[in-house]
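K.L.:
Following this message is one structure expressed as structure tokens.
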Amino acid sequence: MSNPAHLKAAILVVSTTASKDPSADSSGGVLSQVFEEEGAGKWEVSEVKIVGDEVLDIQRAITAWTDQENALNVIITTGGTGFAVHDTTPEAVAPLLHKQAPGLVHGMLAASLAVTPFALMSRPVAGVRNKTLIITLPGSPKGAKENLQSILKLLPHACQQAAGADSRTLHAGGVKKLEKEAGVSAGHQPHSHAPDHSHDHSHEHGHGHGHGHAMPVRHTAPNENPRSNDPALGPTRRNRSSPYPMLAVEEALNLIQLHTPIPQVVSAKVDGTLVGSVLAADVTATEAVPAYRASIVDGYAVIASEDGSSSQGTFPVASISHATPGDIPELKTGRIARITTGAPLPPGATSVVMVEDTVLKTMTDDGKEEKEVEILAQGVKDGENVREVGSDIKIGEVILRKGEEISAIGGELGLLASVGKAEVTVYKKPIIGVLSTGDEIVEHSRPGELRMGEVRDCNRPTILSAVRGWGFEAIDLGIAKDKPGALEEHLRDALRRVDVIITSGGVSMGELDLLKPTIERSLGGTIHFGRVSMKPGKPTTFATVPVKNNAGERVSKVIFSLPGNPVSAIVTLHLFVLPSLHHLSGVSPPGLPKVLVTLDHEFRLDPQRAEYHRAIVVMGKDGLLHASSTGGQRSSRVGSLKSANALLCLPTGKEPLGKGGKIEALLMGKVRCEVDVAK
């Protein structure tokens, strides 16, 4: 059983050979043994994982550990730190780090250099992501072991600080006290290297990567450029490449589901404003429907014979029962009562005979009312043409289940009203704020010609319209200029007013793209992803920011920063923002409905990124859904969204998809029939 006081570690073995044959790895076991035997009982190795020498695979494994709620204290990688062509661990890890730890790197290199000059052939990196310390070690079991041994006693202190411990408390008593607790001293060498030590810094795996993909050409390694996400340092220190790993769409959607706050439960009145809300608890009937025995036809209430004798005969009409409230006199044997559909049966009546099965015999003296009526029906049974108490809904019956949505069709509202429900428990629908960013953005309605460099804001009104069309309250947050203080002020004000902020623009690599650093540095937020392998919409960003609500409780609020190109913004709005809004409001399944469509013409594929192609889907005369493109798909071409009611989920590939092929599509709007289109 694990000790909750233990620090948690994970080991990532980077080796294409070992990923195909785990028995080829020995470093993972050696490092686990070091933690167990030399960690002074402070460590628990929770997982050892093997991945190939691929940047994305390394980054996915690390972020899965660091970006979860109960993150690990330390991640140790082994392998891929040398100069071989496929050694990419430092390039994969460095962009993930929020803080560098050059002291740990220096300590490992110094310890190794004391034994062999070849220690300089290693390229380790170390640092902190969120609350997790990440350290890269060489691939040879001997070199990895001795590097870990050289810093192991210092790691608990580093992990405590990274996890958020108060530095003043940790450092009380001075350095000597810290050294004593860690079991080290000035000039102390935690491990003595054997004289025959030799680092094998690169795996000899015989890599054969020949994907043939056309990739962007870059002439420098990512860690060769100075990096900072501090806008105050100016453009000379800005990130020259994105520090965020490129995620697949499904990975991004999983992170949205994981980090979107759970929905709040509230009480709501049963009226038209309830449409679109999702029930947070089962609803049971406190009244029966109908609450009384009611006639299902127009006719005459009768007392059926218990002995089976004929019900035929002429009877006086003793009373009238309409579908209006009021007292109804008891029906006596040998008499009948005229009754309308839905009206309550008089006390004593057992059945109803349809008016079609009767003949008027006599009228009152003034000729205005029936006096006697002949019943033609034979063998009238007890309960005939009668709707019994609770025959539609019984008291205590569950009429709606938790998770059901109140639709505008009216069935759910009608059901609640029929049993007298005045309030129900639902998930609170979030309030969404929409903000455009950029010095070049002007109101779309501003009169006059545009000056050089100005762009009319089409994103904000489009996003506001879409969000309101989904049934959510949306607040216009205006336009924020590309100045750190102005953007921070806009966002802080918005966080006080809304549950979700949707921004557009400012998420690429320009010196004035300030959203990501503002979220991280100024607001203390966490960016869960900042790039997605898709077109359009690669720089889409999803973040959460800690704030205090009106009750003083610390909660998380969501920020989606969408690309500035109009088409990219709208596609990612439907693909990523909508599922998050559904999670927040309890809607399941979240996101757009997915259907299979038949292609009406050839579609070319992108060899590098999955594409969400704007298309028009119609129901064909053959009963199948058919898809055709809206035309040119450039991310700035707003016209590609005109008439579009679907996004075709095109995979990566070199060969086009032929006419008649089948592909999945996400429906954004109503599907028309081919017959209607022809008209």
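K.L.:
Consider all pairwise Cα distances in the stretch 294-387 and report the whole-number % of them above 16 Å.
P.N.:
Percentage above 16 Å: 49.
K.L.:
What list of ³J(HN,Hα) couplings, whole Hz, do you get for the stretch 102-112 from phi and the Karplus terms 6.51, -1.76, 1.60, once you set θ to phi - 60° and write x for glycine and proline?
P.N.:
x, x, 5, 4, 4, x, 5, 5, 5, 5, 6
K.L.:
From zero outward in steps of 10 Å, how is the percent of C-alpha pairs of the stretch 343-473 spread across the bins?
P.N.:
With 10 Å bins starting at 0, P(r) equals 8, 19, 16, 14, 13, 10, 8, 7, 4, 0.
K.L.:
If you fit an axis through the alpha-carbon atoms of helix 249-259 and take the longest principal axis of the Cα set of the chain, what angle between them do you get, 0 to 90°, nearest 10?
P.N.:
Relative to the chain, helix 249-259 is tipped by roughly 80 degrees.
K.L.:
Continuing with this model, one more query. To make sure I understand, if each residue's beta carbon is the centre and we count other beta carbons within 10 Å, what order do K516, K381 fall in, fewest to most?
P.N.:
In increasing order of surrounding Cβ atoms, one gets K381, K516.
K.L.:
Using a Förster radius of 35 Å, what is the FRET efficiency between N254 and K481 based on their Cβ-Cβ separation? Nearest 0.05, please.
P.N.:
So the FRET efficiency works out to roughly 0.50.
K.L.:
If I take every Cα pair under 8 Å that is 6 or more residues apart in the stretch 7-210, average their sequence separation and divide by the length, what percent do I get for the relative contact order?
P.N.:
Taking the mean separation of contacting Cα pairs over the length of the stretch 7-210, I get 24 percent.
K.L.:
Counting other beta carbons within 10 Å of each residue's own, what order do L12, L667 fall into, fewest first?
P.N.:
Lowest count first: L667, L12.
K.L.:
Per 5 Å bin, what percent of the C-alpha pairs of the stretch 31-151 does each bin hold, from zero upward?
P.N.:
Whole-percent P(r) values from 0 Å outward: 2, 11, 22, 25, 23, 13, 4, 1, 0.
K.L.:
In the chain, what percentage of the DSSP-assigned beta bridges are antiparallel, given to the nearest 5?
P.N.:
60 percent
K.L.:
Using 0.36 nm per residue of separation minus the Cα-Cα distance, give me the extension gain between D606 and K371 in nm, one decimal.
P.N.:
Answer, rounded to one decimal: 76.0 nm.
K.L.:
Excluding residues on the same chain fewer than 8 positions from K371, give the lysines whose Cα lies under 25 Å from its Cα.
P.N.:
K332, K361, K381
K.L.:
Evaluate the Debye formula for the stretch 430-582 with equal point scatterers sitting on the alpha carbons, no solvent, and hand back log10 of I(q)/I(0) at q = 0.14 Å⁻¹, in q order, two decimals.
P.N.:
Here log10 of I(q) over I(0) equals -0.63.
K.L.:
Could I ask something else about it? For K371, list long-range residues whose amide hydrogen, built 1.01 Å from N in the peptide plane, is under 5 Å from its own amide hydrogen.
P.N.:
When sequence neighbours closer than 5 places are left aside, the close amide H contacts are T362, M363, T364.
K.L.:
Can you put F83, F560 in order, fewest other beta carbons within 10 Å first?
P.N.:
Lowest count first: F83, F560.
K.L.:
Based on Cα positions only, what radius of gyration and what Dmax would you give for the stretch 7-210, in angstroms?
P.N.:
Rg and Dmax of the stretch 7-210, Cα atoms, are 16.3, 57 Å.
K.L.:
In straight Cα distance, which lysines are under 23 Å from K548, not counting same-chain residues fewer than 8 positions off?
P.N.:
Candidates past the 8-residue exclusion: K131, K428, K429, K516, K557.
K.L.:
Ratio to report: Rg/Rh of the stretch 594-678, with Cα atoms as the point set and Rh obtained by the Kirkwood method; give two decimals.
P.N.:
Rg/Rh: 0.95.
K.L.:
Which semi-axes, in whole Å and largest first, does the equivalent ellipsoid of the stretch 511-571 have when worked out from the alpha carbon gyration tensor as the square roots of 5 times its eigenvalues?
P.N.:
Semi-axis lengths for the stretch 511-571 are 25, 13, 10 Å.
K.L.:
Taking the stretch 556-650 on its own, what percent of its Cα-Cα pair distances exceed 16 Å?
P.N.:
61 percent
K.L.:
Can you give the relative contact order of the chain as a percent, counting alpha carbon pairs under 8 Å and 6+ residues apart?
P.N.:
Taking the mean separation of contacting Cα pairs over the length of the chain, I get 10 percent.
K.L.:
Give me a comma-separated list of calculated 3J(HN,Hα) values for the stretch 73-90, in order, Karplus coefficients 6.51, -1.76, 1.60 applied at θ = phi - 60°, integers in Hz, x for any Gly or Pro.
P.N.:
With the stated coefficients, the stretch 73-90 comes to 7, 8, 10, 10, 9, 9, x, x, 9, x, 9, 4, 4, 9, 7, 10, 4, x Hz.
Only the coordinates and a few stated rules stand behind these numbers; no lab work does. A quick note: this is a predicted structure, and the numbers were derived from the prediction, not measured. Backbone-built Cβ (ideal geometry, glycine too); neighbour counts: all protein chains shown.
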